[in-house]
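Peer 1: Right, I'll just put the structure down here and ask away after.
Derivation of every value follows stated rules applied to the coordinates shown; laboratory data play no part. It should be emphasised that the depicted structure is a prediction, and the values quoted were computed from it without experimental measurement. Cβ coordinates were reconstructed from backbone atoms using ideal geometry, including for glycine residues, and neighbour counts include every protein chain displayed.
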Amino acid sequence: MKTLQKILTAAILAFATVQAVPAQEPQQPDINQIINNLLDNLTNSYKLDDVQVFYVDSILQYNYPAMMAEIEATRKTGASNSETFQAVSDKWMAATDEALEKVFTEEQWRKYMKSSFGKEKGRRDKRMAERGPVR
């Protein structure tokens, strides 16, 4: 799980970095593959039932492309500060966690919070509290 989360973070940062360098050919990570890998990981790790898989897939299919689109829009405004991109990512990942909490059972959510996802959520919540709301 920790590896998958690192891959996702690296893909997001790579997307923002590659897009910020105008001399290079833009190269986007394969967001569908990232989503499918994450869905498989969540399904297997938390033993999601078919209805949960449907909801989790819907959440990921909406939030991840929306996050990438907002990162791209932020890049187009001329932003190059990694903290700006981190704030956008934090906002969308917090929304994803909030939605997943509604889909997971209490037991699944406890297990999620004990995993690397939960640890990252704690770090993200702390960053967001220090930074204040992002619009």
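Peer 1: For Asp50, Asp90, which order do you get if you count the other beta carbons within 10 Å of each Cβ and list the fewest first? Can you show the working numbers first?
Peer 2: On the way: Asp50 8, Asp90 21.
By the 10 Å Cβ count, ascending: Asp50, Asp90.
Peer 1: In what sequence do Arg110, Arg124 fall when counting other Cβ within 10 Å, fewest first?
Peer 2: Numbers: Arg110 12, Arg124 17.
Ascending Cβ contact count within 10 Å gives the list Arg110, Arg124.
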